[in-house]
Every structure is written in C-alpha cells, then in structure tokens.
Amino acid sequence: MTSRNHTQGSAWTPGLKQSSCFSLPSPGTRDSSGVRGFHLDHQLQLLPMDTSEKTEVVLLACGSFNPITNMHLRLFELGKDYMNATGKYRVIKGIISPVGDAYKKKGLIPAHHRIIMAELATKNSHWLEVDTWESLQKEWVETVKVLRHHQEKLATDSCDHPQRSLLMDRPGRKRKWDEQKQDSSPKKPQEPKSTGVPRVKLLCGADLLESFNVPNLWKTEDITQIVANYGLICITRAGSDAQKFIYESDVLWRHQSNIHLVDEWITNDISSTKIRRALRRGQSIRYLVPDLVQEYIEKHDLYNSESEDRNVGVILAPLQRNISEAKHSNPTA
C-alpha cells in the first residue's frame, strides 16, 4: 500500500514508498565514478501533493457475525464515508474478523460457517476482506490483541515488503481459510512513530461502546489501550446516547478525541439476533442478508432451535477469564 504520509522537508511521488524502512539518497552526492547524483528532492517538489497529509486508516470490525448481515456491511460504508469526509484520513481497507468458537456465546455456530458467509458477503467488494486469524485461535482472544496483531502485521508488511504491499496486499484481497492455518514468521517490533504505516481503528456499533460498562466483560486497561492507542469509530443508532456514555466514563472522556461518533441517518435495525429468530420461525430473511449468504444458510440449515441452544448455560469466555483473574489477584475478595 502506497503511503501518503510524509515528514516536513520531504516529498512524495506515486509509486515511491517513503517510511522508516526506506530512505532516499541525499541529493547532489557523488557515486564511485564521481558523477553527481540526481537532484530528486527538487524534482519531487513539482509533483502534486494534495493527499500527502492524510493518514491512511484500516477499519477493523470484530464480532460474532452470526450471521453477517447487510447492516454489518453498512457499518463499513458509514465509517469509511465519515473518515474520508474529515479530510484528515483516507480509508484504504476494511477487515472483518469473526470471533473464535472459544468465545462460547449462546447460539454461536462453528467459525468456519461464519467465515464462509462473511467471504460470500464481501465477494464483490473491492476494499473489504475477511481475516481468519482471530477465529483460528484455540482460546478466546481479547479485542485489543486482535487490534495489535493487525497493526503489527501492517508494520511488518510495510518494512519487509514495500513493493509487495502495493501489488499483493491491495484493498479487498481475501485471505483464504487454509492460508492462515500455519503461524507466520515472528514479526519485527513495530516502530510507534513510523509515518508509512496505516493506522488500525476499531469499527463498532453503539452496543459495543455501551458494553464497556458491563461488569467483568472488559478490562479497564484493555479499554484504555483501545481508545488511546488505536481509536474507535462508533456508528450510533436511534435511542442510544453515545455522547452521554462517553461523558460518564472517565477513560472514554480522557480519550474522546480518538473516538469518532458517526450518526446513522438512514436507520437500519437489522441484527443477527433478529435474523436467527426469523429463521427459527420459518420466516424470510431476503434483503436482510446478502443473497449468497441466504443461500448458504438455507443449504446447510444453519439456524434452528437446536443451534440456538449451543453454549446454553456456559459462561461467556471474557466473563469467565476476567472473573477468574480478579479472584486470583484478590483472593480475599
């Protein structure tokens, strides 16, 4: 992916990646033959630089996607439109990251079905892709770790394969289910202030923002890292007061500049829960999910009374882990 960020005193030209991993030779220097080098800086100043100040952004949505709906896809479009309209950002890619089976949510069908449905839903998108890393983990993975994984991957790709990122990691490139079954090579440490690496931000609905207040569902330090180090793009819905929720939270208020609230003026109340309920009752879900997703659901009879009873009586993974860790850290409580 070509970086559009630059530092003062330098310039950018299409097809030339400039970051902490790549530096230009000083103009006017002589090589071994004594020939004076080409004055590249002078030439670059003549090229247009209208987008060089924009920060490239990757939108990451984590969740069950059980099943993926048209509303999930709309979240990405709304988030992209909002960020691009600020004039400060340029959204280059959207990533759908379904949670793994170890999340233990009631009614959660196997991850491979949810992955396939998400890939079918984004089949015709030029900038959305489905990533399987989170869903392939044996244990449930905290959202902040998923964000960190993708930010480090972008940094590694930027440093190790500057040209490959332009051709192979273009927006919308699907990651096949089998391609990620093997662990990749160790990643290099991310350079915090590298100007050539896109920034990952968490895309979510107002319900996720409000879930920060559910006891033991989130660790305070995880919430702090998410809003401070990455940022939120929250799509609000009718009846929610996200701004008030931010005001009532000291952590969110402290980092409110990194929380982007996006109004959804064309209301859309589609939810995976309502989709599953309609399917259990034999009702049509057409135009609520992509056609290919509907066909896949019907072909495999994915949602019924039996599937809804999966994980009944099982404590949700984050609640189980956070309560257990709290007891160990404070045994007298």
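All of the numbers you see were taken from the coordinates with simple rules; none came from a lab. Everything numeric here is computed off the predicted structure, so don't read it as measured data. Positions of Cβ are backbone-derived with ideal geometry, glycine not excepted, and every protein chain shown enters the neighbour counts.
General remarks:
- Within region 222-326, GluC sites (Glu not before Pro) in DSSP loop having at most 12 other beta-carbon neighbours inside 10 Å: Glu248
- Value of D in µm² per second that Stokes-Einstein yields for region 262-333, Kirkwood Rh from Cα pairs, at 25 °C (0.890 mPa s): 157 µm²/s
- Long-range Cα-Cα pairs in region 246-302 (distance over 15 Å), rounded percent: 64 percent
- Size of region 207-297 as Cα extents on the principal axes (Å, biggest first): 46, 30, 22
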